[in-house]
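Reviewing the structure listed below.
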Amino acid sequence: NQQDALNVWDTDYKAVWHLKETPPALAIDSTINPNDGTPENSPTQATGKIDGSLSFVPNVLEQNVNVPNSASLQLATNMTVSAWARTTSSDAQARIIVAKWKFGQVPPAQNYWLGKLDASTFNFYVDSGQNVGISLGLVNDGLWHHIVGVADAGGTPALRLYVDGVQQATVGYSGTSQTGTSELRIGR
């Protein structure tokens, strides 16, 4: 509720959404940054893992939370993108948990992207082609899972993907990502 955003989330946190607000209310960012989002096309309030959640109906591709561009969301090197998510989607359609793009390229390039890639893979993308993936079966069971994508540019640069606190995959990382002025999307 923003009672003490400065002392709860330090400046390394660029945005934290609990998604407890009932749409069409804003999805309030709990950090000191102005990264509030607007639910689009009626995602519904649902019981979540922490405080609240939104449910996005499969095959309603434009159902999401749109967060306007902010410099605080343009992550160029190190980043951690995490979410509590629950799914049973097994179609071939990509399903986004969170994504930000750099437009002006064809096709648009991902700054970062976390979600179901296709019928069998769950991925964390940074800088378009750099990605780390796992079997969709690790998270596609209808249970809540804490999913974390990490881009670590220090030491031996690597992309890592964690599920419920356990590292499931790692690959090399160039150490940088494109940034852009697109909105950030939650769900889609």
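The values are calculated or read from the model by the stated rules, or taken from the named source; none is laboratory data. Not measured: the values here are computed from a predicted model. Every residue, glycine as well, gets a Cβ built from its backbone with ideal geometry; the counts of neighbours run over all protein chains shown. Quick note on the areas: whole protein, heavy atoms, side chains included, nothing else; ligands and nucleic acids left out. Shrake-Rupley method; radii C 1.70, N 1.55, O 1.52, S 1.80 Å.
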Estimated distance in nm for a label pair at T181 and A119, the labels positioned 7 Å out from Cα along Cα-to-Cβ: 4.1 nm
Residue-span extension gain [L138 to N41] - 0.36 nm each, minus C-alpha spacing: 32.0 nm
Surface share of carbon and sulfur [accessible, 1.4 angstrom probe, percent] for the chain: 52 percent
The chain: calculated mean residue ellipticity at 222 nm from DSSP helix runs of at least 4, using -39500 (n - 2.57): -500 deg cm²/dmol
Selection from A119, L19, S182 lying farthest towards where the dipole of the chain points positive, charges on Cβ: A119
Gain upon complete extension [D4, V57; 0.36 nm per residue less C-alpha separation]: 15.7 nm
Cβ charges +1 (Lys, Arg) and -1 (Asp, Glu), total dipole of the stretch 15-97, debye: 240 debye
Dipole magnitude of the chain about its Cα centre (Cβ charges: Lys, Arg +1; Asp, Glu -1), debye to nearest 20: 300 debye
Among (i) 13; (ii) 23; (iii) 18, the entry derived from the coordinates for percent of Cα pairs over 30 Å apart: (i)
